[in-house]
Amino acid sequence: SLGLSFGVKFSNTLIVRNHRDFFPASEKEMYLSGKPLHVLAMSLVGRFRETFGDRYPISFSAGIDKDNCADAVGLGLTPITVCSDLLKTGGYTRMHGYFEQLGSRMDAVGARTIDEFIVRGRGKGQEARDALEGVDTETLARCRAALGEGGDLRRAAGEELFARWVSQAKLANTAAYLAELLDDGRYHRDANRKTPKKVGSMLELFDCLTCDKCV
């Protein structure tokens, strides 16, 4: 009634008890980000959608990089934000790779819009369509033809049905991505156990390293 809505975010940097020796013992907390947090946060997205379906919008911010940004888009997460990846060499210029990957994957499946990419991107369009209830045979046939022949999905389904189709595809894509994610070696411990580099000096407030990360 107030014109407001409700959504959730997964996830800010995760506060972890400092139980190792990389930081001084005086530091009681450390912060988890990057690839390990991506898996944890995506798992929470999956659990949330198992309970609430696509009822609430989900913003995502955990370990996004050029190799998984399109995956997050294909799950219907929005907005998708980035931090850890932009702190690596190249800074903001790294974002160019996100859109190259997204564009090439949309082209590969013939998706003209993000909603079409959600339906087509993981090959779950037919499964999502079959899960819809109360759809007449003629409309189902149009949707099937558009999906198989690269047609306009929105026009084939109509606005109301297409919105339901996209919503169902988000759920199917989430389950499929999670299954792949847990088997993806780039997120496993062996690929992420390298000790972070230290600069070898204490940086005080307003001190800065000469680098290319912020400009």
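Amide H contacts under 5 Å for Leu14: Leu32, restricted to partners 5 or more places along the chain or on a different chain, H placed in the peptide plane at 1.01 Å from N.
Counting pairwise Cα distances across the stretch 1-113, what percent come out greater than 26 angstrom?
Values: 2013 of 6328 pairs.
That fraction is 32 percent.
Evaluate the Kirkwood expression for the hydrodynamic radius of the chain, namely the inverse of the mean inverse distance over all pairs of different C-alpha atoms, and round to one decimal in Å. If you can, show how the numbers build up before the last one.
On the way: mean 1/r = 0.0510 Å⁻¹.
In the chain this quantity evaluates to 19.6 Å.
Phi angles across the stretch 184-195 convert, under the Karplus curve 6.51 cos²θ - 1.76 cosθ + 1.60 with θ = phi - 60°, into 3J(HN,Hα) values of 7, x, 5, 9, 6, 4, 4, 8, 9, 9, 5, 5 Hz, Gly and Pro given as x. For Lys9, the residues whose amide H sits under 5 Å from its own are Ser59, ignoring neighbours fewer than 5 places away on the same chain, with H placed 1.01 Å from N. Value of Rg to Rh for the stretch 10-53, rounded to two decimals, is 1.15; Kirkwood radius and Rg both from alpha-carbon coordinates. Between the listed residues Val8, Val109, Gly150, the Cα displaced farthest toward the positive end of the dipole of the chain, a dipole computed from Cβ unit charges relative to the Cα centre, is found at Val8.
Placing +1 on the Cβ of every Lys and Arg and -1 on the Cβ of every Asp and Glu, with nothing else charged, gives the stretch 114-155 a dipole about its Cα centre of roughly 160 debye.
Along the stretch 108-123 the Karplus relation, 6.51 cos²θ - 1.76 cosθ + 1.60 evaluated at θ = phi - 60°, assigns HN-Hα couplings of 4, 10, x, 8, 9, 9, 4, 4, 5, 5, 4, 6, 8, x, 10, x Hz to successive residues, with x for each Gly and Pro.
From the square roots a ≥ b ≥ c of the eigenvalues of the alpha-carbon gyration tensor of the stretch 83-168, which class results: rounded (a/c under 1.5), prolate (a/b over b/c), or oblate? It comes out prolate by the Cα gyration axes. Cα-based values for the stretch 114-205, radius of gyration first and Dmax second, are 21.0, 70 Å.
Shape class for the stretch 36-79: oblate, because the ratio a/c of the largest to smallest gyration tensor axis (alpha-carbon atoms, square roots of eigenvalues) is 1.5 or more and b/c is at least a/b.
Bear in mind these aren't lab numbers, they're just calculated from the coordinates by the rules spelled out. Because the structure is predicted, anything quoted here is derived from the model rather than measured. Don't worry about glycine lacking a Cβ; one is built from the backbone with ideal geometry, like all the others, and counts go over all protein chains shown.
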